[in-house]
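The values are calculated or read from the model by the stated rules, or taken from the named source; none is laboratory data. This one's a predicted model, so the numbers in the text were calculated from it and none came from an experiment. Cβ placement follows ideal geometry from the backbone for every residue including glycine, while neighbour counts extend to all protein chains displayed.
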Amino acid sequence: MAHLKPLPADSHPELASDFKIFEEILGFIPNSLLTMQRRPKMVQAFGVLTKAVMDPEGEVDLGFKRLIAHFASRAAGCQYCEAHSLIAANIHGISQEKLDAIWEYQTSSLYSDAERVALDYALAAGSVPNAVDDELMIRMKQYWSEEQIVEILGAVCLYGFLNRWNDSMATDLEDSPKQMGDRVLTKGGWTGGKHTR
């Protein structure tokens, strides 16, 4: 059970447009934001950052940025965000077949060499202590421009906030991400952890 109960979505009517951002990303308002709305300005600020990081005019595919977020969350150990990011990746164009092969990303023909190195980078950047080194950056620069690397790291960092938030709050996992986790992530040891008690 979550350490703080999510508040009803209509508790702060001024947040309706902010919540809409996340309904478009996930198909629902996440419990994390329903909890966070105790400080409405935090929800608003997080919405601004999310729109900037997940800008549809960016050079990195929106669905792939959600896979980046998944790998960063995997490194951090946040099972809530691991499942959420896959729901968002699917909504933004990553096929279920590709998601089902996520544990084999290093060898699956569904993933390109550019994607493999970026996912390695997300794991390294999401780790504590940080594991990004010169060799990994050389590999990244073979496939990604400096602007694209900034976008990729932005997705890692955006989810870094969420990883800390959701694991510290033990945010309850909603049904659709739980189903995605059960389908895709259990073979890698995912259980939902503190988010499914």
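Could you say whether any residue in region 161-175 is touching a Pro at 6+ places or on another chain (Cβ under 9 Å), charged (D, E, K, R) and at pLDDT 95 or above? So far as region 161-175 goes, yes, one or more of its residues are touching a Pro at 6+ places or on another chain (Cβ under 9 Å), charged (D, E, K, R) and at pLDDT 95 or above.
What about Asp120, is it out of contact with any helix residue (DSSP H, G or I) (no Cβ under 6 Å at 6 or more places or on another chain), more than 29 Å from Ala45 (Cβ to Cβ) and in a helix (DSSP H, G or I)? Answer is yes for this residue. Scanning region 24-31 for any residue that is part of a helix (DSSP H, G or I), surrounded by fewer than 17 Cβ atoms within 10 Å (Cβ to Cβ) and at pLDDT below 95 turns up at least one such residue.
The number of residues in region 74-107 that are without any contact (Cβ under 8 Å) to a residue 40 or more places away in the chain and either in contact with a strand residue (DSSP E or B) (Cβ under 6 Å, 6 or more places away or on another chain) or surrounded by fewer than 16 Cβ atoms within 10 Å (Cβ to Cβ) (or both) comes to 7.
If you scan region 163-197, which residues turn out to be surrounded by fewer than 19 Cβ atoms within 10 Å (Cβ to Cβ), assigned to a loop (DSSP other than H, G, I, E, B) and among the β-branched types (Val, Ile, Thr)? Within region 163-197, Thr191, Thr196 meet the criteria.
Out of Ala155, Ala122, which single residue is surrounded by 18 or more Cβ atoms within 10 Å (Cβ to Cβ) and either over 22 Å from Val53 (Cα atoms) or in contact with a Lys or Arg (Cβ under 6 Å, 6 or more places away or on another chain) (or both)? So the residue among Ala155, Ala122 that is surrounded by 18 or more Cβ atoms within 10 Å (Cβ to Cβ) and either over 22 Å from Val53 (Cα atoms) or in contact with a Lys or Arg (Cβ under 6 Å, 6 or more places away or on another chain) (or both) is Ala155.
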